[in-house]
Amino acid sequence: MTPTADKKRHRTIRSFVRRAGRLTPSQQRALGELWPSYGVDFSPAPLDFDGLFGRDAPVVLEIGFGNGDSLVQQALENPGMNFLGIEVHEPGVGHCLLQADAAGLSNLKLIMHDAIEVLTHQLPPASLQRINIYFPDPWPKKRHHKRRLVQHTFLKLIHDRLKPGGMLHVATDWANYAGHIDDVLGDSGLFRCDERREHDGDAPLDRPETKFERRGLRKGHRIWDWRFTRMAKND
Ligand SMILES: C[S@@+](CC[C@H](N)C(=O)[O-])C[C@H]1O[C@@H](n2cnc3c(N)ncnc32)[C@H](O)[C@@H]1O
């Protein structure tokens with residue numbers, strides 16, 4: 001394969017498959033009426049967070065927020081922080097818009113686009129205080145492992161977008177993905193593990209319970225939670 005063809009092939013490996021998922025009428029309405037208040041369209045130009053949120057406050061990013069319940073709860077509980085959520089699943093974004101509006105949030109913005117492209121083109125270097133990745137798609141089949149979000153190139157990207165001393169929180173209910181996360185973060189030399197918990201949904205690390213966590217617990221899965229700190233390159 002030529003280098004160009006190889007590059008092209010890699011660009012098409014995504015961490016998600018767009019599911020058709022039907023929008024309820026209220027989600028459909030929310031996407032039309034509430035998007036102007038909470039939505040940020042994807043653009044390859046770097047965002048100015050102070051201008052976007054109308055104030056200078058630490059920014060917390062959640063990648064793959066699903067239906068957004070945990071994102072909305074965290075934004076409500078932390079009014080001094082700005083929250084940015086990225087999700088590709090339209091019904092989830094519609095649900096999140098409805099919850100944000102019902103809660104009257106002014107510290108939340110949403111982007112409906114591939115998080116890798118958003119991080120690469122739209123989020124400035126050293127701009128985020130914390131990144132949350134709760135129950136990323138596990139891609140359990142070996143031949144699909146390359147689709148997992150947490151990979152070395154991804155870690156290099158988020159390391160660059162976090163502020164010095166910024167935090168990365170991750171949770172999963174898949175034992176094999178947990179082992180992968182331990183390995184890839186341990187090998188990266190980019191993050192220090194400050195806390196790691198393995199539990200039955202009874203000891204989460206500074207986050208609300210999520211929909212996929214409840215689903216995993218119903219199936220009898222265990223839960224793994226990590227808190228990492230971004231290290232300086234020479235730490
Ligand atoms: C297993 S679900 C977890 C949802 C939620 N965090 C929870 O715990 O309930 C993973 C979510 O990540 C989203 N996702 C996966 N890759 C993504 C990407 N590259 N950009 C944006 N969203 C992504 C999927 O659409 C899906 O909704």
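No lab work stands behind these numbers, since they all come straight from the coordinates. A quick note: this is a predicted structure, and the numbers were derived from the prediction, not measured. FYI the Cβ positions are ideal-geometry reconstructions off the backbone, even for glycines, and counts take in every protein chain you see.
Using 7 Å Cα-to-Cβ label points, what is the Gln129/Ala103 separation (nm, one decimal)?
1.6
Sum up the lysine pairs in segment 124-235 that clear both bars: alpha-carbon distance under 28 Å and a spacing of 8 or more or different chains.
Close lysine pairs found across segment 124-235: 14.
Put a dot 7 Å past each Cα toward the Cβ at Ser26 and Arg147; how far apart are the dots in nm?
3.1
Under 14 Å from the 7 Å Cα→Cβ point of Lys233, by amide nitrogen: which residues of segment 116-137?
126
Give me log10 I(q)/I(0) at q = 0.09, 0.18 Å⁻¹ for the chain, Debye formula, one equal scatterer per alpha-carbon, no solvent.
With no solvent term, the Cα-only Debye profile gives -0.37, -1.58.
Compute the FRET efficiency between Val184 and Asn78 as 1/(1 + (r/R0)^6), taking r as their Cβ-Cβ distance and R0 = 45 Å, and round to the nearest 0.05.
0.95
Place the peptides 173-184, 41-52 in order of packing, highest mean first, counting for every residue the other Cβ atoms within 10 Å and averaging per peptide. Spell out each step's value before the answer.
On the way: 173-184: 17.3, 41-52: 12.0.
The packing order, highest mean first, is 173-184, 41-52.
Using Cα centres only, tell me the gap between segment 145-193 and segment 99-130 in whole Å.
That distance is 19 Å.
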